[in-house]
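Contents: one structure, followed by commentary.
The values are calculated or read from the model by the stated rules, or taken from the named source; none is laboratory data. Since this is a predicted model, take the numbers as computed values, not measurements. Because the Cβ atoms are built from the backbone with ideal geometry, glycine has one as well, and the counts that use them run over all protein chains shown. Note: areas computed on protein heavy atoms with side chains; ligands, DNA, RNA excluded. Shrake-Rupley method; radii C 1.70, N 1.55, O 1.52, S 1.80 Å.
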Amino acid sequence: GTSAEQRIDLAGLDLDAPALRDQAPAAALFTERARRQVRRFEPDEHVDRICRLVGGLPLAIELAARWTSSMTTAQIADRLADDVGLLVTDAPDVPQRQRTMAGVLDAAWSRLGPAQAELAAGLSSFVGGVDLTAAHDVCGASPLDLQQLVARSMLSWLPAGRLEMHELIRQHAAARLGRTRRDELIAVHSNHFLARLIDGLETFVGSDPAALITSLDADFDNIV
């Protein structure tokens, strides 16, 4: 919980329920913390939305749940959709460095070396995950570079060799980009995926259209 000093793991809890009648781990944590604020709190569909908005991040869930004493879950979800600045508390039982989500992310960022910070900021240009080829072509990242960011909880591995940056981390990293660097990344990112689309069309009219569909589906958020 947030009531004692701890190492913050910047990875999310599972957002899906293991069985039809069970709560997902992320929603269960929200419910347990909300009942510390409102004893008879009952979860609803907005709890799942809240957990998804923060990517299942435990500290973010706990900070959001503290608002149930003064806001409905629908109001919390609507506010979070517009401003993650809601993830803050002045509760005396919470260590100072964990009272804002931004403070936790700042602390994690401060442990990165200059090159790692630059790479993490660059990788914020990808939405919905990135594969090794795109990370290299757009940001110049090697597999070792990426693994170092995984070790520092900036990235996590997905199936099929893809990597994902937690949405809150991605927003924080994107804010570190200067306008010039952001414009450069947009251009390189666009050119990379345009080239993949052109190459993919040759596959589509060739012998393996299913491979193109699978590839496009994985990078749909990056392409659009």
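Brief remarks follow.
- By the Cα gyration tensor, the stretch 65-178 has an equivalent ellipsoid whose semi-axes, rounded to whole angstrom, run 30, 16, 12 from largest to smallest.
- The stretch 137-199 pair-distance distribution - Cα-Cα, 5 Å bins, rounded %: 4, 14, 18, 26, 24, 11, 3, 0
- Semi-axis lengths, largest first, of the ellipsoid equivalent to the chain are 35, 22, 15 Å, with √(5λ) applied to each eigenvalue of the Cα gyration tensor.
- Neighbourhood net charge (13 Å Cβ-Cβ; Lys/Arg +1, Asp/Glu -1) for residue 190: -2
- Think of a 1.4 Å ball rolled over the protein heavy atoms: the chain then has 55 Å² of accessible area per residue.
- Taking one quarter of the surface of the C-alpha convex hull of the stretch 85-151 gives a mean projected area of 5.6 nm².
- Anisotropy class of the stretch 52-125 from Cα gyration tensor, a/c 1.5 cut: oblate
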